[in-house]
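Accompanying notes for the structure given below.
The values are calculated or read from the model by the stated rules, or taken from the named source; none is laboratory data. Remember, it's a predicted structure, so these values are computed and weren't measured experimentally. Glycine also receives a Cβ, built like all others from the backbone with ideal geometry; neighbour counts cover every protein chain displayed. What goes into the accessible areas is simple: the full protein's heavy atoms, side chains included, and nothing from ligands, DNA or RNA. Shrake-Rupley method; radii C 1.70, N 1.55, O 1.52, S 1.80 Å.
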Amino acid sequence: VIDRGTQRELRFGNHITQSARSLTAPDVLVLDYTRAMMAALLFVPKPEHVLHFGLGGGSLPDCLHRHLPDVHQRVVELNPGVVEVAFRYFDLPISPRLDVINRDGADFIREDHHSYSLIFLDAYHANGAAPHMNTGTVFRLLRDRLELNGWLVVNAWGSQREMLAEVRSSLRATFEQLHMLSVRSESNVI
């Protein structure tokens, strides 16, 4: 956890900012890719049930919690240290509308049978995306957990071209529609 001026950042021992929070404007999403992921609200403006894979500092769940008082969220995070950091340093709210589960996402989705309006897949570790979460098998399980007219929102690395091509191919094989939003060149693709 690093404070730079008015911004607090979460990093996994390298130069990549995994999560960031404004210390002066906590309601504002700092990172471009998190703002891009929120474009999902154009398709599902009032989600009731949201599932997140990957917590980081909790920017997305915190933003939805603050701005959508009727949303119920479940967050699945593999690393218990990340969960502790999100609550301790990034002010992730303790709320009955926000359930944080310390578990492997692929195992969780095999056993969870709830339906969700939105599912955010943003599972990363120090070396990049969690590859076992970006497979056709997991995408099919996630599709089966979406409500009618629900949306899966995936954060992928544009700089890992082979992995991005595999993710796109698996998503095209699993879903009727695929919309892509590039955040910046050689950066996140939502």
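Placing unit charges on each Cβ (+1 for Lys and Arg, -1 for Asp and Glu) gives the chain a dipole about its Cα centre, and among VAL1, PRO69, MET37 the Cα reaching farthest toward its positive end belongs to MET37. Each residue of the stretch 41-58 is assigned a 3J(HN,Hα), and the resulting list reads 5, 5, 8, 10, x, 10, x, 9, 10, 10, 10, 10, 10, x, 9, x, x, x Hz, derived from the Karplus form 6.51 cos²θ - 1.76 cosθ + 1.60 (θ = phi - 60°), x at Gly and Pro. Near GLU147, the amide H atoms lying under 5 Å from its own belong to TYR116, SER117; only residues 5 or more places off or on other chains count, and H is placed 1.01 Å from N. Dipole check for the stretch 47-190: with +1 at the C-beta of Lys and Arg, -1 at the C-beta of Asp and Glu, and the Cα centre as origin, the magnitude is about 260 Debye. Each peptide in 57-65, 98-106 gets a packing score, the mean of other Cβ atoms within 10 Å over its residues, and the list from highest to lowest is 57-65, 98-106. Could you pull out the longest piece of the chain with no exposed loop GluC sites (Glu not before Pro) in it, calling a site exposed if DSSP puts it outside H, G, I, E, B and it has at most 12 other Cβ atoms within 10 Å? Result, exposed sites excluded: 1-175. Around the amide H of GLN7, modelled in the peptide plane, lie the amide H atoms of LEU23, all under 5 Å away and 5 or more residues distant in sequence or on another chain. Atom-type composition of the exposed protein surface of the stretch 133-190 places 47 percent of the accessible area on carbon and sulfur (1.4 angstrom probe). Summarising the strand pairing of the chain, around 45 percent of its internal DSSP beta bridges are antiparallel.
Annotation: amide H of ILE101 within the under-5 Å range of VAL75, VAL76, GLU77, sequence separation 5 or more or interchain, hydrogens built in the peptide plane.
At a probe radius of 1.4 angstrom, the accessible area of the stretch 15-93 per residue rounds to 45 square angstrom.
Just to confirm a number: summing +1 for Lys and Arg and -1 for Asp and Glu over residues other than ASN102 whose beta-carbon lies under 10 angstrom from that of ASN102, what do you get? Taking every other residue near ASN102 into account, the sum is -2.
Ranking of TYR33, TYR89 by solvent-accessible surface, largest first: TYR89, TYR33 (1.4 Å probe, protein heavy atoms only, all chains present).
Using the rule -39500 (n - 2.57) for each DSSP H run of four or more residues, divided by the residues of the chain, the 222 nm mean residue ellipticity is -8500 deg cm²/dmol.
Work out the FRET efficiency for GLU147 and ARG184 from their Cβ-Cβ distance, taking R0 = 41 Å, and round it to the nearest 0.05.
E(calc), rounded to 0.05, equals 0.85.
Oblate is the label for the stretch 1-111, because a/c, from the alpha-carbon gyration tensor with a ≥ b ≥ c as root eigenvalues, is 1.5 or above and a/b does not exceed b/c.
Derived scalar couplings between HN and Hα for the stretch 145-150 equal 8, 7, 5, 4, 6, x Hz in order, rounded to whole Hz, by the Karplus curve 6.51 cos²θ - 1.76 cosθ + 1.60 (θ = phi - 60°), x for Gly and Pro.
Protein heavy-atom surface of the stretch 3-124, 1.4 angstrom probe: 53% of the accessible area is carbon and sulfur, with nucleic acids and ligands not counted.
Computed with a 1.4 Å probe on the full set of protein chains, the accessible area for LEU181 sits at about 80 Å².
Each label point was placed 7 Å from the Cα along the Cα-to-Cβ direction; for GLU162 and HIS113 their separation is 3.9 nm.
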